[in-house]
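This report concerns only the one structure given below.
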Amino acid sequence: MIIIGEKINATRKAIAPAIAARDEQYIVKIALEQVAAGANYLDLNGGDPRPQAEVKNMEWLVGLVQQHTDVPLCLDSASPQALEVGLSLARSKPIVNSISLEKDRLEALLPVVRKHACMVIGLCMADGGTPTSAQDRLERAEQLIGQLTAAGKGLDEIIIDPCFFPVSADQNSAKALCQSIADIRAKYPQVHVGGGLSNASYGLPGRRHVNLAMAAAAVYHGMDCAIIDPCTPGLMPIILAAQTLSGADEWCANYVAAFRAGKLQ
């Protein structure tokens, strides 16, 4: 299971000012907390609308985080320049988050991921809008896989994000999502599938409960990559339990090891 810690993201209220102030202590604290909670990649997003600011933010974040942990990075940006900087500084093979079928984004980012050794998240978005069904997601996944393999990526270097949408806006969106995860994994067993599952709870009270349920359902249907806050109480145990129930955890080894290590509290 690929666990990507999502918290170092400039769209978060506490993170943007910390990046702007170059608050090393705070960013390192967030990074190490996520690693201790189970993240095996750290997402870095230094988004900033000012010219060249995002590039400088990416450079600073990558350098800082790599001073304090050996966990590989997930470079989160739509800016080719920021990604180029991050990829050139990454010491371990990173993930690029993300490319899509939207023409401008695809044309801008495909040359970058072709040039560098990296994994890539392919988001099932297109110029025609958001996916509306499991079949729509599968078709877009096929197109993304075609584009990325043509750019030299192996199937096991591709992570398909089938788009997690709020169930508050469409009560059937989670069902379609889970079906698409199962369909993509059945057709492309070497490809990873997953994304930002907390989007499913947007607009609802008590979001943590919905996120836990979404995690269990998605993992049971084959999700093997989660962009999450691993510090969320109960989330990592739920993911481990769902892997066990789905048969993805051979002989329940990971679940038992986590219990013995006191990580199922």
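The values are calculated or read from the model by the stated rules, or taken from the named source; none is laboratory data. The structure displayed is predicted, hence computed values, not measured ones. Note that each Cβ is placed from the backbone with ideal geometry, even for glycine, and that neighbours are counted across all protein chains shown.
Give the residues of the stretch 166-200 that are crowded, with 21+ Cβ neighbours inside 10 Å and more than 30 Å from Gly154 (Cα to Cα), sorted by residue number.
Selection gives Val167 alone.
Between Tyr41, Tyr26, which is in the same structural domain as Ile2 (by TED's automatic domain parsing), aromatic (Phe, Trp, Tyr), out of contact with any Ser or Thr (no Cβ under 6 Å at 6 or more places or on another chain) and within 22 Å of Lys115 (Cα to Cα)? Reasoning before the result, please.
Values: Tyr26 fails: within 22 Å of Lys115 (Cα to Cα).
Going through Tyr41, Tyr26 in turn, the sole match is Tyr41.
Residues being out of contact with any Lys or Arg (no Cβ under 9 Å at 6 or more places or on another chain), within 22 Å of Asp156 (Cα to Cα) and surrounded by 18 or more Cβ atoms within 10 Å (Cβ to Cβ): count how many of those fall in the stretch 74-97.
Of the residues in the stretch 74-97, 11 are out of contact with any Lys or Arg (no Cβ under 9 Å at 6 or more places or on another chain), within 22 Å of Asp156 (Cα to Cα) and surrounded by 18 or more Cβ atoms within 10 Å (Cβ to Cβ).
Okay, residues lined up against (1) in the same structural domain as Thr130 (by TED's automatic domain parsing); (2) aliphatic (A, V, I, L, M); (3) touching a helix residue (DSSP H, G or I) at 6+ places or on another chain (Cβ under 7 Å); (4) under 16 Å from Ile2 (Cβ atoms):
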{"residue": "Gln171", "(1), (2), (3), (4)": "yes, no, no, no"}
{"residue": "Ala186", "(1), (2), (3), (4)": "yes, yes, no, no"}
{"residue": "Ala200", "(1), (2), (3), (4)": "yes, yes, yes, no"}
{"residue": "Ala215", "(1), (2), (3), (4)": "yes, yes, yes, yes"}
{"residue": "Gly222", "(1), (2), (3), (4)": "yes, no, yes, yes"}
{"residue": "Asp229", "(1), (2), (3), (4)": "yes, no, no, yes"}
{"residue": "Gly247", "(1), (2), (3), (4)": "no, no, no, no"}
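Out of (1) of a type in the set (D, E, K, R); (2) within 18 Å of Ile121 (Cβ to Cβ); (3) more than 12 Å from the chain's Cα centre (by Cα), what's the single condition that is false for Arg208?
Tallying (1) of a type in the set (D, E, K, R); (2) within 18 Å of Ile121 (Cβ to Cβ); (3) more than 12 Å from the chain's Cα centre (by Cα), Arg208 fails exactly one: (2).
Rundown of residues vs (1) part of a loop (DSSP other than H, G, I, E, B); (2) over 18 Å from the mean Cα position of the chain (by Cα); (3) on the phi > 0 side of the Ramachandran plot, yes/no style:
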| position | (1), (2), (3) |
| --- | --- |
| Glu107 | no, yes, no |
| Val113 | no, no, no |
| Glu142 | no, yes, no |
| Gly152 | yes, yes, yes |
| Phe165 | yes, no, no |
| Asp170 | yes, yes, no |
| Leu177 | no, no, no |
